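So the structure is just underneath, and the comments pick up after that.
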Amino acid sequence: MAEAVEKLTKKSEDPSRWYLDLVRMAKMADYGPVRGTFAIRPYGFAIWERIQRDLDDRFKATGHVNAYFPLLIPESYLQKEASHVEGFAPECAWVTVGGDKELEERLAIRPTSESIICDFYRNWIQSYRDLPLLINQWSNVLRWEMVTRPFLRTAEFLWQEGHTVHATAEEARAETLRMLEVYRECFYEKLAIPVLTGVKSPSERFKGAIETFTCEGLMGDGRALQAGTSHDLGQNFAKAFDITFLDENQDRVYPYQTSWGFSTRTIGALILVHGDDRGLRLPPKLAPTEAVIVPIWRGKNKADVRREAEKLYIELQTAGRRMEVDLDEEHSPGWKFNEHELRGVPVRVEIGPKDIEKGKAVLIRRDTGEKEFVPRDGLAARLEELLEEIQANMLRQATEFRDANTRHAASYDEFKEIIENERGFVVAPWDGTEETEQKIKDDTKATIRLLPFEREEGKDLVSGRPGKTAVFARAY
RNA sequence: CGGGACGUAGCGCAGCUUGGUAGCGCGCCUCGUUCGGGACGAGGAGGUCGGAGGUUCAAAUCCUCUCGUCCCGACCA
């Protein structure tokens, strides 16, 4: 055997290098010619398509429809909401020339679409009968990031951004929380990532919002990742863009808005949460291929084994499974085992001469490596069951990891010690001031990831003033 | 944008100190033997050494600028 097989860096040794290796070796993404831009390869995109489909179904189920808005945003639009422009202008890419002529007003390539969408909403909304307006857009956006890495922070990324308008503040807040819940369910049910949900501290709030809610995941290396946010915009944008409507009492009033987004960053979260030293581990519900059949043949019986593998493929595919059969004749079975493990296929089905003789096949699960011999006639049913088990087990493992890495700090020394040596989430009281938040950040690089919905009273570790629990972590 | 490291074949790297015919492993192509945990043999293709200037008879190697990547800080989905 050749000793120089392309080797994946160990996650335990160098998570950062491991991640980049894995993205490349599993053929998920490649660097583009412009800094921070990446091509998402078909395999990575297939995962994104499955996430898209799931979210889209949930959006439709909650009454939303899809639409599309322009890529280019005049600078003056961006400037209408003061904190919004302050937050986003520094990281915009600008178009200054069109058709070889200098433009009179430069155009931002959307970093997010609130401003351009509000410009349309001004005309779309005249009466309370036009509300609520529940629209979602699937699009790409561009942010000129200093430091980038595939999926986790790319200059250009794909996402969905929901933009809704409501007659009352209560309704807007309910929408904001409903969509946070939609994200949370997607994380738990499909991505098998047990995110924490809660409120962002004011300093971490979306620029232009009155409140930001977030889903925070804990990655395999103990760092947190913000993945999915939902913003209550209040009347900030409505006032800035002069969106008004006539209510039942014939008063002209400003509506209340929300926006919420979920991006391809989530693919990075999937990799970091579930991946191991052998490669990716995909939750069955998101895996483009649920199970791959690897035929094991020798020269003399190749035709027979091949025929059985093909039959098995048809059988399982017909039973509703997303299957792949690896009929490649160049690579050895061992090579294929490693390759499909690297790609994270949840189950491998082996079929060889001995199995055919016994009327069985071998199922190997990617999450635990466990192997079982299953009679052919019960195979489809067992596979379906196994996939459910894997999905549940991956969520369980991730939850155990999250809980084992969520610690309560009783003193600031302990807090610092945990952040430095253990990482993970640290739960501690916070007095609600920006100074203590900033001091903790300066001292430890940890930020407030969220304020839980249920908060306990306590004493702030830094100031000693009364506070309520916050969840801290170093984040991506 | 600050501090550090690095750009040489698709991928991983050596060569640079001390200038002188561009190398290695994997991958790729061809043929044969293999195939239950990354098989083996033989042959072959592939590079304006990130880019631009400069020094020199001669630059992957020395100098300047520039672009890009990675790690650490400030910002973010």
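The values are calculated or read from the model by the stated rules, or taken from the named source; none is laboratory data. Since we're looking at a predicted model, the values are computed, not measured. So basically every Cβ, Gly included, is an ideal-geometry build from the backbone, and we count neighbours across all protein chains shown.
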Consider A:Phe472 carefully, then state whether it is outside any strand (DSSP E or B) and over 30 Å from A:Ala309 (Cα atoms).
-> no
Scanning the range A:79-138 residue by residue, those part of a helix (DSSP H, G or I), under 24 Å from A:Phe157 (Cα atoms) and hydroxyl-bearing (Ser, Thr, Tyr) turn out to be A:Ser83, A:Ser115
Go through (1) touching a helix residue (DSSP H, G or I) at 6+ places or on another chain (Cβ under 9 Å); (2) more than 17 Å from A:Arg322 (Cβ to Cβ) and name the single condition A:Asp377 misses.
-> (1)
Failed condition for A:Arg278, given (1) in contact (Cβ under 8 Å) with a residue 60 or more places away in the chain; (2) within 13 Å of RNA strand B (Cβ to nearest atom); (3) touching a strand residue (DSSP E or B) at 6+ places or on another chain (Cβ under 6 Å) = (3)
Do we find that A:Glu372 is more than 8 Å from RNA strand B (Cβ to nearest atom), more than 29 Å from the chain's Cα centre (by Cα) and in a strand (DSSP E or B) in this structure?
-> yes
Taking only pairs six or more apart or across chains, which ones have beta-carbon atoms under 8 Å, a first residue in the range A:194-220 that is closer than 16 Å to A:Ala82 by Cβ and away from RNA strand B (no atom under 11 Å from the Cβ), and a second residue that is at pLDDT 95 or above and of a type in the set (A, V, I, L, M)?
-> A:Ile210/A:Leu233
Among (1) near RNA strand B (Cβ under 9 Å from one of its atoms); (2) more than 25 Å from A:Asn136 (Cβ to Cβ), which single condition is A:Ala269 missing?
-> (2)
Mind checking whether some residue in the range A:21-28 is of a type in the set (Val, Ile, Thr), assigned to a helix (DSSP H, G or I) and within 13 Å of RNA strand B (Cβ to nearest atom)?
-> yes
Neighbours by Cβ (under 7 Å, 6+ apart or cross-chain): first from the range A:73-102, crowded, with 17+ Cβ neighbours inside 10 Å and at pLDDT 85 or above; second of a type in the set (S, T, N, Q) and outside any helix (DSSP H, G or I) = A:Val85/A:Gln79; A:Phe88/A:Thr112
Extreme residue, nearest to RNA strand B (Cβ to nearest atom), among residues of the range A:353-369 that are in contact (Cβ under 8 Å) with a residue 24 or more places away in the chain and in a loop (DSSP other than H, G, I, E, B) | A:Arg366
Go through the range A:191-217 and give me each residue that's within 11 Å of the chain's Cα centre (by Cα) and in a helix (DSSP H, G or I).
-> A:Leu191
Could you check, for the range A:104-115, whether at least one of its residues is more than 16 Å from RNA strand B (Cβ to nearest atom), surrounded by 12 or more Cβ atoms within 10 Å (Cβ to Cβ) and more than 25 Å from A:Glu185 (Cβ to Cβ)?
-> yes
Within the range A:439-476, considering residues that are of a type in the set (A, V, I, L, M) and within 12 Å of RNA strand B (Cβ to nearest atom), the one surrounded by the most Cβ atoms within 10 Å (Cβ to Cβ) | A:Ala473
Residues of the range A:326-352 being part of a loop (DSSP other than H, G, I, E, B), farther than 18 Å from A:Leu312 by Cβ and touching a residue at least 24 places away in the same chain (Cβ under 8 Å), in sequence order, are A:Gly344
Return the residue satisfying two criteria in turn: it lies in the range A:221-249 and is within 8 Å of RNA strand B (Cβ to nearest atom) and not polar (S, T, N, Q), and of such residues it is nearest to A:Val427 (Cα to Cα).
-> A:Leu225
Restricting the search to the range A:140-169, which residues are within 9 Å of RNA strand B (Cβ to nearest atom), in a loop (DSSP other than H, G, I, E, B) and of a type in the set (Val, Ile, Thr)?
-> A:Val147, A:Thr148, A:Thr154
Among the residues of the range A:140-151, is there at least one that is basic (Lys, Arg) and surrounded by fewer than 18 Cβ atoms within 10 Å (Cβ to Cβ)?
-> yes
In the range A:317-332, what residues are at pLDDT 95 or above and within 16 Å of RNA strand B (Cβ to nearest atom)?
-> A:Glu324, A:Val325, A:Asp326
Meets criteria (surrounded by 11 or more Cβ atoms within 10 Å (Cβ to Cβ), under 25 Å from the mean Cα position of the chain (by Cα) and not in a helix (DSSP H, G or I)) for A:Gly63 = yes
Could you tell me whether A:Ala380 is at pLDDT 95 or above and surrounded by 15 or more Cβ atoms within 10 Å (Cβ to Cβ)?
-> yes
